Amino acid sequence: MKSQSIADQVKATPTKPGVYIFRDSSGTVLYVGKAASLRSRVRSYFADSSAFTFKLKNLSAKIAQYEYVVTDSEQEALILENTLIKGHKPRYNVRLKDDKTYPYIKIDLKEDFPRVYFTRRREKDGARYFGPFASAKSVRKTLDLIKKLFPYRSCTKTITGTDVRPCLDYYINRCVGPCIGVSTKEDYRRVIDQVILFLEGKHDTVVRDLRNRMGRAAEELQFERAAALRDQVRAIQRVSEAQKVHSSLLKNEDIVALARSQDEAWVEVFFVREGKTVGRDHFIMVGTQDEAEAEIMASFVKQFYDSASYIPPLILLQHAPEDSTLITRWLENQRGHKVKLRVPRRGVRRQLLQMVAANAVQGLAQHRIKWLADIDAISQALDELQEQLNLPNPPSRMECYDISNIQGTNPVGSMVVFENGRPKPSHYRRFKIKTVEGIDDYSMMQEMLRRRFRRLKDDRADGNGRQSREGRKASESWGIVPDLVLIDGGKGHLSAALQVMLEMGVADIPLASIAKQFEEIFRPDSSEPIILPRSSQALYLVQRLRDEAHRFAITFHRQLRKKGGVRSAMDSVPGIGPKRKKALIRHFGSVKGIREAPIDDIAAVVGMTRKLAQQVKEHL
């Protein structure tokens, strides 16, 4: 229970809209939230915690003090909440990772000869900003592209028009030469206007203007100038053609989808302008543990579009955000015009959203792979695991086991291996569960472990023991002693695994289990779970190992289920043996194809008769 002073403070909290701020005993901000009724929302954090998620339990236990700010409306509360989250970066809020560092492209139109350059500060100074971009690399890639397409200046010198000689950019048609007076302010501003139109996605407008200028140059017999403009048009068209044209229905819209993994999410954003994808970027959200996709999406929309240089009239989302009506009104105030948030259910927009979602999944997978390539992070993770689990050595070889079945059917097990923090696919093993009937995960896990450690026990009896792991063939991997055996499950799974380890005489191998709901790690020698810090490299590694075991088991289970579907449907037909079944599947492609085929077509297959064809149709 919280102290009486906090309880009294909650009772005195007004029922008006506003923002509340939770702090721990040291005054550090833990969480910032908004509410239509401050008292009701704050009181919910101090109610019965039995139904709380792990994240909410942790937060509630650490609250030592809180404060609130009353606002005139929920919309004001939303704006203030967003500002405070960006300022304090509370641990328990879903937030953009390093959102303050996101860069922009800036064009200061108050300059006589504006430059196009990189900046990390977006100010209300009348300049044009494009972004935010996810990284400096994204900005520089865009700057490189537009510099090749448009001849604006890249120097920082004061332009007087009296320089004796231009720089190299002028001679290679990368600058119109305002420094030597070849280009007037009006000529140069026309180039900058084209850059702005291009960054806005209005490529057709740029091409149309350049073609008109090319025609006038040709009429005036300025053939070199016309040729330069022609080359510029072709270059822009090549870029434009590489951008997928989606549909005449699409105009200016952003498409947002995400893929999540425990305490972080990868958000992919595609930017469609004039019916074409003119750009894409990705962002990492942290603090997503136990949060619904709707909450993650709402947090991203609020934080991203709070600093976005352009808000389109339509934003397509993978998940409808919480408080979508309130967020829509806020976006409309930001944009100055109508904005729609939509979750498409069918048609072109649905297909496009699915493509963005697939890119998010791939991006998250690449993000994980990149982490696995970080030697320092992996070394830190292994050292943390040794310390937290009280292991005799850093777990250079870890084996993780998982079970997959649907209501006891086609039960399978998986064993995945990580060596030095990285997957070792050649040592992965799959198990068909043979002796267990019905739904009994514990017995299935025990059968798999018996079969695995019987191989190890036999190898030990042969005197192989712990040999050098370098240069071993995949067939010899059974004889390698793991430094840690990890079971996907809770205390029950751990007890079942320990029983087998004792029975097989391999109880000296460190054993642990990880419970998925709260990411608790259990050891046989401790009644209390081990809670790894949410930001620890060790937890990330354990989750990666567990998720890989789950993926490997699910994949094998699906393969068996697919084969079993064909077998169960065809093997029950009298008179249809392996040869006829193979001939039918080869001819019609699938059981569905056979089911939908006319009887005469089935009878025409080699080895079939009309009577057998009728039996096939009846059984299918």
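The values are calculated or read from the model by the stated rules, or taken from the named source; none is laboratory data. Treat the numbers as computed from the prediction; the structure is a model and nothing was measured. Positions of Cβ are backbone-derived with ideal geometry, glycine not excepted, and every protein chain shown enters the neighbour counts.
Values computed for the structure shown
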{"item": "Residues within region 469-492 that are over 21 Å from Pro395 (Cα atoms) and either modelled with pLDDT of 85 or more or under 32 Å from the mean Cα position of the chain (by Cα) (or both), tallied", "result": "2"}
{"item": "Output for region 591-610, where each listed residue is within 11 Å of Arg580 (Cβ to Cβ) and outside any helix (DSSP H, G or I)", "result": "Val605, Val606, Gly607, Met608, Thr609"}
{"item": "In region 106-129, the residues that are touching a residue at least 60 places away in the same chain (Cβ under 8 Å) and either in a loop (DSSP other than H, G, I, E, B) or within 25 Å of the chain's Cα centre (by Cα) (or both)", "result": "Leu109, Asp112, Phe113, Pro114, Arg122"}
{"item": "Filter pass, Arg546 being among the charged types (D, E, K, R), in contact with an Asp or Glu (Cβ under 6 Å, 6 or more places away or on another chain) and at pLDDT 85 or above", "result": "yes"}
{"item": "Meets criteria (closer than 30 Å to Phe270 by Cβ, within 37 Å of the chain's Cα centre (by Cα) and either of a type in the set (A, V, I, L, M, F, W, C) or not in a loop (DSSP other than H, G, I, E, B) (or both)) for Arg140", "result": "yes"}
{"item": "Output for region 347-397, where each listed residue is modelled with pLDDT under 85, surrounded by fewer than 13 Cβ atoms within 10 Å (Cβ to Cβ) and of a type in the set (D, E, K, R)", "result": "Lys370, Asp376"}
{"item": "Hits in region 8-40 - residues which are of a type in the set (Gly, Ala, Ser) and either surrounded by 14 or more Cβ atoms within 10 Å (Cβ to Cβ) or outside any loop (DSSP other than H, G, I, E, B) (or both)", "result": "Ala12, Gly18, Gly33, Ala35, Ala36, Ser37, Ser40"}
{"item": "Of all residues making up region 335-346, the number that are within 12 Å of Pro313 (Cα to Cα) and either surrounded by 13 or more Cβ atoms within 10 Å (Cβ to Cβ) or within 23 Å of the chain's Cα centre (by Cα) (or both)", "result": "5"}
{"item": "Candidates Leu84, Leu145 - the one that is over 30 Å from Arg225 (Cβ atoms) and in a helix (DSSP H, G or I)", "result": "Leu84"}
{"item": "Count - residues of region 398-427 that are β-branched (Val, Ile, Thr) and at pLDDT below 90", "result": "4"}
{"item": "Output for region 509-529, where each listed residue is under 21 Å from Thr288 (Cα atoms), touching a helix residue (DSSP H, G or I) at 6+ places or on another chain (Cβ under 6 Å) and of a type outside the set (Phe, Trp, Tyr)", "result": "Ile514"}
{"item": "Identity of the residue in region 58-86, out of contact with any Lys or Arg (no Cβ under 6 Å at 6 or more places or on another chain) and exposed (fewer than 15 other Cβ atoms within 10 Å of the Cβ), that ends up farthest from Tyr305 (Cα to Cα)", "result": "Ala61"}
{"item": "Subset tally (residues that are without any contact (Cβ under 8 Å) to a residue 24 or more places away in the chain and surrounded by fewer than 19 Cβ atoms within 10 Å (Cβ to Cβ)) for region 425-448", "result": "3"}
{"item": "Pairs where the first residue, in region 14-28, is small (Gly, Ala, Ser) and the second is surrounded by fewer than 18 Cβ atoms within 10 Å (Cβ to Cβ) and part of a strand (DSSP E or B), C-beta under 7 Å, 6+ apart", "result": "Gly18/Val69; Gly18/Val70"}
{"item": "Positions within region 171-199 being aromatic (Phe, Trp, Tyr), more than 17 Å from Glu224 (Cα to Cα) and more than 36 Å from the chain's Cα centre (by Cα), in sequence order", "result": "Tyr188"}
{"item": "Residues (assigned to a helix (DSSP H, G or I) and more than 23 Å from Gln237 (Cα to Cα)) located in region 172-211", "result": "Pro178, Cys179, Ile180, Lys185, Glu186"}
{"item": "Test result for Ala77, of a type outside the set (Asp, Glu) and at pLDDT below 85", "result": "no"}
{"item": "Pair list, Cβ under 7 Å, 6 or more apart: region 182-202 residue without any contact (Cβ under 8 Å) to a residue 24 or more places away in the chain, other residue of a type in the set (S, T, N, Q)", "result": "Leu197/Thr205"}
{"item": "Selection status of Asp281, within 30 Å of Val206 (Cα to Cα), outside the structural domain of Asp204 (by TED's automatic domain parsing) and in contact (Cβ under 8 Å) with a residue 12 or more places away in the chain", "result": "yes"}
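Residues are listed down the side, and each one gets a yes or a no for (1) more than 30 Å from Leu484 (Cα to Cα); (2) surrounded by fewer than 18 Cβ atoms within 10 Å (Cβ to Cβ); (3) modelled with pLDDT of 85 or more:
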{"site": "Asp525", "(1), (2), (3)": "no, yes, no"}
{"site": "Val542", "(1), (2), (3)": "no, no, yes"}
{"site": "Glu596", "(1), (2), (3)": "yes, yes, no"}
{"site": "Gln614", "(1), (2), (3)": "yes, yes, yes"}
